[in-house]
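Inspection log for the structure reproduced underneath, given as C-alpha cells.
The values are calculated or read from the model by the stated rules, or taken from the named source; none is laboratory data. Since the structure is predicted, the reported quantities are computational estimates derived from the model, not experimental observations. Neighbour counts are summed over all protein chains in view; Cβ atoms, including those assigned to glycine, are modelled from backbone coordinates with ideal geometry. Accessible surface is based on the protein model in full, side chains and every heavy atom, while ligands, DNA and RNA are left aside. Shrake-Rupley method; radii C 1.70, N 1.55, O 1.52, S 1.80 Å.
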Amino acid sequence: MLNIDNLHANAGDTEILKGLNLSIGTGEVHAIMGPNGSGKSTLAHVLAGRDGYEVTGGTVTFLGTELLDMLPEERAWHGIFLGFQYPIEIPGVNNTYLLKAALNARQKFRGEPEIDAAQFLRVIKDKARLMQMEQSFLNRSVNEGFSGGEKKRNEIFQMAVLEPRLAILDETDSGLDIDALKIVAAGINALRSEDRSFLIVTHYQRLLDYIEPDFVHVLAGGRIIKSGDKSLALELEAKGYDWVLDETATPG
Amino acid sequence: MKKIIQDRDTRSAAALTTIEAAFEKLQAEPAAGTPAWLQPAREMAFANLRDAGFPRVKDEDWKYTNLTGFAERSAAYLENQPLAVKDKTATVLLGDLPILENQIRIVFVNGLYRPDLSIAVQPDFDLELTPYSTADSSTGKNILHQQPIDHNVMIALNTAFLADGLAVRVADNKKVGKPIHVIFIADGQPCAAQPRLSINVGRNAHALVVQHHISMGESLTNAVTTINCAEQSQLLFVRLQNESEQSMHVANQVVRVAADSLFNSISIDFGSQLARNDLVVDLCGERAQANLYGLFMTNGQRHVDNHLRVDHHAAHTTSQEIYRGILNDKARGVFNGKIIVHTGADGTDAQMSNRNLLLSEQAEIDTKPELEIYTDDIKCAHGATTGQLDMNSMFYLRARGIPEASARMMLVSAFAQEIIDHIRSASPALADYLSTQMSKQLPDIT
Ligand SMILES: Nc1ncnc2c1ncn2[C@@H]1O[C@H](COP(=O)(O)OP(=O)(O)OP(=O)(O)O)[C@@H](O)[C@H]1O
Ligand SMILES: [Mg+2]
C-alpha cells in the first residue's frame, strides 16, 4: 500500500529524515517508536503533505501513485488520514460541517454524487457512539474547548467517519487516561480491516496491548534503525532505546 | 507631495463653494413637501459647514481617508438636485431583503420616506415611528431638540440638506424585543442622500433597531444617527452597510447612554468603494454600559474606515469594543478606537480589540487604539492583531480533504461569523440574512 524509499526531508535548514525506508502492506498495522525529536511527526507530516518541509530525496508511492506530488487534500481523497499529535482548535468551524464537506469533496473527486444528508447523520451518530462521544460534541466547533483527551477521541471519530485506506496516527494515545485509551483503541480496532492499514506512532507499549501491531519499528536519527514484531515494543519498554542505538551505531 | 496636498484641499474647497451655491438656490425656492420646521436648523448647520469646511489632508482624524472624492461627488449631485430625488429602482433592491420578526419595515429612498414601500405597525403610543415629513411643527422641534446639530462637519452637511428622517421613540417601560428595520436605499441616481435617524429609548425600555443601507451604482450617502438611551434602558443597534461597490458612504452615530442602561451596537460594512463610519458613545450615567462590535469585509481597491470614540464620564461605566476586518486585493482598512476616561469615572472598565485578516500582500490596515485616562481607578486593555489565515488550521482542514479554496472560505467565514452571532439571539432572521450576505462575498474576498 505504502512504499517509502530512501526519503530525505528538511525542516527549515535542518535535515530531519535521512534516508528512511518503510513498506506497509494492505491490512497491516505498523507501530513506530523512537526517541523525542527523532522525526516521527516529521514523517507523518511529510506523508500528509504539510507545508514547511522540503523533500530532498527519495520517493513515496501510495496505492501505486506518487504521493509527494499531491496536495494535502488530494492525499486525503486517495485515502490518507493523519491523526494529529496536537489537534488544533478551529473556532467557528462546526465538527459535523467539516466532516460533511470533507466527504463531499471526496465524492466530487471520485465523480460521485453528494452524500445523502439523512444517511450521513446516521453514520456520524453511530460513530460518535462508538467513540462514546456526546452528541453535543458534533455540533461544537472543531476541538474548541475540548480537553486533551477529547481532542484525541475526536481525531479517531473523524477517522471512523472518513474511513481512510491508510491511517497515520501520531501519538493518539498520549494524554489519554486508561478509559479513554480503551475507547480509542476500540475505535481503532473497529476499523481494522483487510484493506485498511495503520501507521501508529507511539511512545508507549500499553497502546500496543490493545492494538496488536504486525510490525514495530524504531525511528532514530531520521531513519528506521530496527524493525521487529510486537515483542520489540516490549523490549524497548523494558530497556529503553540506548541498546538499539548502540547496536546500530556505525563505527567511526 | 506638497503639491498633491494643496490640490486636494483646494478641490474640497471648490466643492464646498458649489455646495454653497446649491444651498442658496434651495433656500430661495424651498422644495415642496419638506418640513418648514427644519429650516432654521438647516441654516445653522450650513453656517457650521461653511466655517469648518471639509476635512483637510492634515486633519488627524482623516489621516488615512481621503474625503475629496466624496466632497466632489456631493457637489456634483447637489448642484443639480439639492434635495432628494424620486426613485426608479427601489423595489428591485427591496426584493432581496428579509422581512424581520415583527414585520416592521420603514423605507427611505434617496433620503425620502416611502410609505408605499414601508410596512408600519399599528399606531401605538408606546412605540412611535415618526417620519420627519409627517411631523407637525411642534413634534418636529421636539425631535430636533434632542439631537446635536453641529457635532461635526459631516453631520452639518447632513442637516443642511436634510429633507426627511425617522424619529423612533420607545416609551418608558416598553419592551420592543423584535427588530425595527429601517432601510435606506440610494438608487444610484445623482442624488446626495442624507439619511437621518433619531432613536429615543425611554426609561427601563428595550428596543432593537436595524439601520440598513443598500444602494445601486455610484450612490452617495451621508447618514446621521442620534441615539439617547434613558436610565435602565437597553438598545441593540445594528448598522448594516451593504451598498454597491461604487458607492461612497459616510455615517455618523452619536450616542448618549444614561445611568444603568446598556447600549449594544453591531456595525457591519460589506459594501462601498469608500466607507467611513464614526461611532461616538458617551457613557454619561453611572454603570452605563456599551458593547460595540464591528465587522468589515472589503476587497479590490475599496476603503473602509471605522472610527470609534467612547467617553467614560461617570463612575463604574464599562465599554467593550470588538472589531474585525477582512481585507483582500489592494483594499485598505482603518480602525481608530479611542477611549477617554474622564476625571471622576472611577471603576471604569474598558476593553478594546481589533483583529484583522489580510488575505493578500497588498491589502493594508492602519489600526490605532488610543487611551486617554484622567483617573486612577480603572481597568483598561486593548489589543490589535493583523495577520494571515492560520497555517495550522489550513493544513488541518486540507488534511481532512477540504480543498484549499474552501478551507480559506471556512476560516474567513468563521472569523466573521463570531461578530454576526451577537445578533442571533435577538433576531435569527437578521443573523441568517447577514450570514448569507457574508457567504455571498466569500468567493470574492478570499
Ligand atoms: N521548522 C523546523 N525547523 C527546524 N527544525 C525543526 C522544525 N520542525 C521540527 N524540527 C526539528 O525536527 C526534529 C524532529 O521533530 P519531530 O516533531 O518530527 O519529532 P518527533 O519524533 O515527533 O518527537 P516527539 O516524540 O517529541 O513528538 C526535532 O528536533 C525538531 O526540533
Ligand atoms: Mg511527534
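Amide H contacts for B:ASN173 (H built 1.01 Å from N in the peptide plane; partners 5 or more residues away or on another chain; cut-off under 5 Å): B:ARG203, B:ASN204, B:ALA205.
With every protein chain kept in the model, how would you rank B:CYS284, B:CYS229 by accessible area, 1.4 Å probe, largest at the top? Write down the numbers at each step before the final one.
Values: B:CYS284 50, B:CYS229 5 Å².
Sorted by accessible area, descending: B:CYS284, B:CYS229.
Sequence-ordered 3J(HN,Hα) estimates for segment B:258-269 from the Karplus curve with 6.51, -1.76 and 1.60 and θ = phi - 60° stand at 7, 4, 6, 10, 10, 10, 10, 10, 10, 10, 10, 10 Hz, glycine and proline given as x.
Peptide A:73-80 shows a mean partner chain C-beta count of 4 within 10 Å per residue C-beta. With each label modelled as a point 7 angstrom along the Cα→C-beta vector, the A:GLU134-A:GLU237 pair spans 3.3 nm. Secondary structure note: in segment B:129-238, about 10% of the DSSP beta bridges are antiparallel. Less than 5 angstrom separates the built amide H of B:VAL109 from those of B:ARG114, B:ILE185, all sequence-distant by 5 or more or on a different chain.
Accessible surface of B:TYR293, taken over heavy atoms with a 1.4 Å probe and every protein chain present, rounds to 30 Å². In the assembled protein chains, A:LYS151 presents an accessible area of approximately 40 Å² (probe radius 1.4 Å). Computed with every protein chain present, the accessible area of B:SER406 is close to 40 Å² [probe 1.4 Å].
Within the protein assembly as shown, what whole-number % of the accessible surface is contributed by carbon and sulfur, with the 1.4 Å probe and all protein chains included in the calculation? Don't jump to the answer; show the numbers that get you there.
Values: 13430 of 28000 Å².
After summing per-atom areas, the C and S share lands at 48 percent.
Taking the DSSP bridge list for chain B and keeping only pairs wholly inside it, about 5 percent are antiparallel.
Fully extending the segment from B:GLU128 to B:ASP116 would add 2.5 nm, taking 0.36 nm per residue of separation and subtracting the current Cα-Cα distance.
Per-residue packing, averaged as other Cβ atoms within 10 Å, sorts the ranges A:58-67, B:259-268, A:104-113, B:217-226 into the order B:217-226, B:259-268, A:58-67, A:104-113, beginning with the highest. Farthest towards the positive end of the charge dipole of segment B:391-446, among the residues B:ILE420, B:ALA399, B:GLN437, is the Cα of B:ALA399, using unit charges on the Cβ of Lys, Arg, Asp and Glu. Other residues within the sphere of radius under 13 Å centred on the Cβ of B:THR134, judged by their own Cβ, net out at -2 (K and R +1, D and E -1).
Close Lys pairs in chain A, defined as Cα atoms under 19 Å apart and 8 or more places apart or on different chains, number 19.
Considering only the protein assembly as shown, what is the antiparallel percent among its DSSP beta bridges, to the nearest 5? So the antiparallel bridges amount to about 20 percent of the total. In this structure, A:ASN21 and B:LYS368 have a Cβ-Cβ separation that, at R0 = 51 Å, corresponds to a calculated FRET efficiency of about 0.35. Averaging 1/r over every pair of different alpha carbons in segment B:355-444 and inverting the result gives a Kirkwood radius of 15.9 Å.
How would segment A:1-43 be classified by its alpha-carbon gyration tensor: rounded, prolate or oblate, with rounded meaning a/c under 1.5 and the a/b versus b/c comparison settling the rest? Walk me through the numbers before you get to the answer.
Values: a/c = 3.07, a/b = 1.63, b/c = 1.88.
Taking the square roots of the gyration eigenvalues as a ≥ b ≥ c, segment A:1-43 is oblate.
Figure legend: label point modelled 7 angstrom from the Cα of B:ASP61 along Cα→Cβ; residues of segment B:243-269 with amide N under 15 Å from it are B:250-255. Heavy-atom accessible area with a 1.4 Å probe sorts B:CYS380, B:CYS191, largest first, into B:CYS380, B:CYS191. 3J(HN,Hα) along segment A:141-152: 5, 3, 6, 5, x, 6, 6, x, x, 5, 4, 5 Hz, from the Karplus curve 6.51 cos²θ - 1.76 cosθ + 1.60 with θ = phi - 60°, whole Hz, x for Gly and Pro.
Length gained on full extension, A:TYR97 to A:GLU144: 15.5 nm, using 0.36 nm per residue less the C-alpha separation.
Counting Cβ atoms of other protein chains within 10 Å of each residue's Cβ and taking the mean over peptide B:389-397 gives 6. Put simply, the convex hull of the Cα atoms in the protein assembly as shown casts, on average, a shadow of 37.3 nm².
Mean partner shielding of peptide A:90-99, defined as the number of other chain Cβ atoms within 10 Å of each residue Cβ, is 5.
Computed from Cα atoms alone, the Kirkwood hydrodynamic radius reported for segment A:2-248 is 18.6 Å. By its C-alpha gyration tensor, with a ≥ b ≥ c as the square roots of the eigenvalues, how is chain B shaped: rounded for a/c under 1.5, else prolate for a/b larger than b/c, else oblate? Rounded shape, in that the Cα axes give a/c under 1.5.
Among the lysines in segment B:1-76, how many pairs, 8 or more places apart or on different chains, have alpha carbons under 23 Å apart? Can you show the working numbers first?
Details: B:LYS2/B:LYS58; B:LYS2/B:LYS63; B:LYS3/B:LYS58; B:LYS3/B:LYS63.
Eligible lysine pairs with Cα atoms under 23 Å apart amount to 4.
Ranking B:TYR323, A:TYR204, B:TYR64, A:TYR97 from most to least accessible surface, computed with a 1.4 Å probe over the protein chains only, gives A:TYR97, A:TYR204, B:TYR64, B:TYR323.
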